[in-house]
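All of the numbers you see were taken from the coordinates with simple rules; none came from a lab. Nothing here was measured: the structure is a model prediction, and the numbers come from that model. When we count neighbours, we look across all protein chains shown, and the Cβ atoms used for this are built from the backbone with ideal geometry, even at glycine.
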Amino acid sequence: MDKFFSQMTEIFATPKYLGEFLDGIWETAYSTVVSTAVAFLLGLVLAVLLVVGDKDGVRPLPTPIMKTLNIVINILRSVPFLILMLFVLPLSKLLVGTRIGTVASIPPLIVAAAPFIARLVETSLRETDRGVIEAAQAMGCSPFQIVWKVMLPECRPALISCFTTAFITILGYGAMAGAIGGGGLGKTAINYGYNKYNYAVMLVATVLIVILVQIAQSIGGYLAKRADKRLR
């Protein structure tokens with residue numbers, strides 16, 4: 001116990017540790033925001049294709065295409081993140097020139113999160129009132145107009161909640177990425193905490209991650225309530 005308190009005191013008294021934590025917060029926030037934004041856009045596109053291209057959708061697509069799309073999404077969702085990251089790291093090398101660091105972790109985070117987001121958004125889009133969609137079709141709206149002006153606005157609160165869930169999930173993925181060369185607070189916890197038996201560093205890094213999650217959840221919940229027409 002005395003060793004733990006001495007480690008904790010050292011953390012707040014040593015500029016090196018404070019710098020590591022500040023860098024870790026910035027790297028974690030940067031990689032999470034970028035990955036979530038790109039993954040959400042990809043997931044949104046995939047979700048729209050799954051809903052619109054369904055046999056009962058507003059623009060049915062050929063069955064082989066829909067089956068292939070569903071299989072690919074299910075496979076990517078089934079692979080554990082750390083294993084998937086190892087497979088995708090060559091893509092990071094191709095895109096950003098390195099397999100190690102914060103930027104290198106972004107492509108694997110996107111590939112891992114996009115299928116997960118697609119299923120979340122798909123569920124939200126399928127909850128759109130069928131009567132509203134039929135009314136839009138009766139007025140001659142195109143499939144694009146139905147998606148853009150009817151389905152997405154109707155699902156806005158759910159989409160914000162999906163984005164929040166995706167952000168928190170990717171934040172957790174990013175922390176795990178520190179175990180295999182990723183940056184951020186996960187790297188700090190592994191390199192300066194676990195590898196050096198400094199449990200105070202691991203505790204502080206964990207608390208900082210929890211704080212980031214709580215901030216994201218609070219902001220997401222607030223925006224979702226503001227966008228919900230039923231609460232006005």
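Numerical summary
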| item | result |
| --- | --- |
| Cα long-axis angle, helix 156-177 against the chain (0 to 90 degrees, to the nearest 10) | 30 |
| Directionally averaged shadow of region 2-231, computed from the convex hull of its alpha-carbon atoms, nm² | 15.0 |
| Relative contact order of region 171-231, pairs being alpha-carbon contacts under 8 Å that are 6 or more residues apart, as % | 20 |
| Inverse of mean 1/r across different Cα pairs in region 80-120, Kirkwood, Å | 10.2 |
| GNM flexibility winner over the chain from ILE25, ILE170, ILE117 (Cα, springs under 10 Å) | ILE25 |
| Lysines whose Cα lies under 22 Å from that of LYS225, excluding same-chain neighbours fewer than 8 positions away | LYS149 |
| Where labels lie 7 Å past Cα in the beta-carbon direction, separation of ILE71 and ASP228 in nm | 4.0 |
